[in-house]
Amino acid sequence: MEFAGLALAAVVWFLLHVAVAGSGLRQLLIERFGDKPYRGGFSLASFASLAWLIVEYRGAPFRVLWAAPVAFYFVPLLLVPIAFVFLVGAFTVPSPTSVGGEKHLTGVQPARGLLRVTRHPFLWSVAMWSLAHVVVNVDVGSLLLFGSLGITAVRGTFDIDRKRRRSNPAEFARFESVTSNVPFAALLAHRNQLVFRELWLPLVAGLALALAAIALHPHFFGASAVPVLHG
């Protein structure tokens, strides 16, 4: 029972996004209360749920499940910079998959910037950030926290695609034909190509944020993000 509060918070966070935002209940709530009140209420509920999850995590006991291999400690140094590049890229181009982004589906919708890599750069940034922490923090609390965030993010990519296919079928089909959910899949299938002049801001700002996060990690979280190997 020592992790009951954290487990409950993780389940509530997941169900809030899957059983509400990712289901038909979302449309029912919009029809009942209106789009803006729904978005405001859902944002407030999401923030409260995330805050609860973090509070429970900070108060949970530390129970290690197994020892992570030494090589795993270098995974965050690879994944976190990519996650920050995706994070910045999610906010530097208009996206039909963002909140309220349906308006970007009208007319001819080119996929620019990080949208050429994935049509869900923000959610995949969360998924990669979560995975980077799961592989090195193999304790019960971390698996519940980062695991719930990562699983919810990945599930969200499919939920958003399904909602766009239902609400804007023809427009989203055009956008979907030149993009992919899974990062790099459209590029590997030659349905799109990278244009590096569109990526300079996500690359520069994302890598700068990653370096700052690595440098400040010991100050805010009490542990170095760079593995220290003892011979």
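For (1) polar (S, T, N, Q); (2) in a helix (DSSP H, G or I), each residue gets a yes or a no:
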| site | (1), (2) |
| --- | --- |
| 46 | yes, yes |
| 50 | no, yes |
| 67 | no, no |
| 75 | no, yes |
| 97 | yes, no |
| 110 | no, no |
| 150 | no, yes |
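A single member of 224, 130 is part of a loop (DSSP other than H, G, I, E, B) and in contact with a helix residue (DSSP H, G or I) (Cβ under 9 Å, 6 or more places away or on another chain), and it is 224.
Of the residues making up region 115-172, just one is under 19 Å from residue 184 (Cα atoms) and acidic (Asp, Glu), namely 161.
Just a yes or no: is a residue in region 160-169 of a type in the set (Asp, Glu) and within 26 Å of residue 194 (Cα to Cα)? Within region 160-169, one or more residues are of a type in the set (Asp, Glu) and within 26 Å of residue 194 (Cα to Cα).
A quick yes/no check of all residues on (1) of a type in the set (A, V, I, L, M); (2) under 19 Å from residue 160 (Cα atoms); (3) surrounded by fewer than 19 Cβ atoms within 10 Å (Cβ to Cβ):
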| site | (1), (2), (3) |
| --- | --- |
| 32 | no, no, yes |
| 60 | yes, no, no |
| 80 | yes, no, no |
| 86 | no, yes, no |
| 99 | yes, yes, yes |
| 102 | no, yes, yes |
| 121 | no, yes, no |
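Evaluate the following for residue 6: is it out of contact with any Asp or Glu (no Cβ under 7 Å at 6 or more places or on another chain) and of a type in the set (A, V, I, L, M, F, W, C)? So residue 6 fails the test. One residue stands out among those in region 184-225 that are loosely packed, with under 14 Cβ neighbours inside 10 Å and β-branched (Val, Ile, Thr): the one that is farthest from residue 116 (Cα to Cα), which is 204. Of the candidates 166, 197, 162, the single residue that is under 22 Å from residue 84 (Cα atoms), assigned to a helix (DSSP H, G or I), in the same structural domain as residue 106 (by TED's automatic domain parsing) and among the charged types (D, E, K, R) is 197.
Here the condition is being surrounded by fewer than 21 Cβ atoms within 10 Å (Cβ to Cβ) and in the same structural domain as residue 213 (by TED's automatic domain parsing); of 117, 126, 93, it holds for 93 alone. Total residues in region 112-127 satisfying the condition of being assigned to a loop (DSSP other than H, G, I, E, B) and at pLDDT 95 or above: the figure is 4.
The values are calculated or read from the model by the stated rules, or taken from the named source; none is laboratory data. None of the values given here were measured: they were computed from a predicted structure. All Cβ positions, glycine included, derive from the backbone under ideal geometry; neighbour counts span all protein chains shown.
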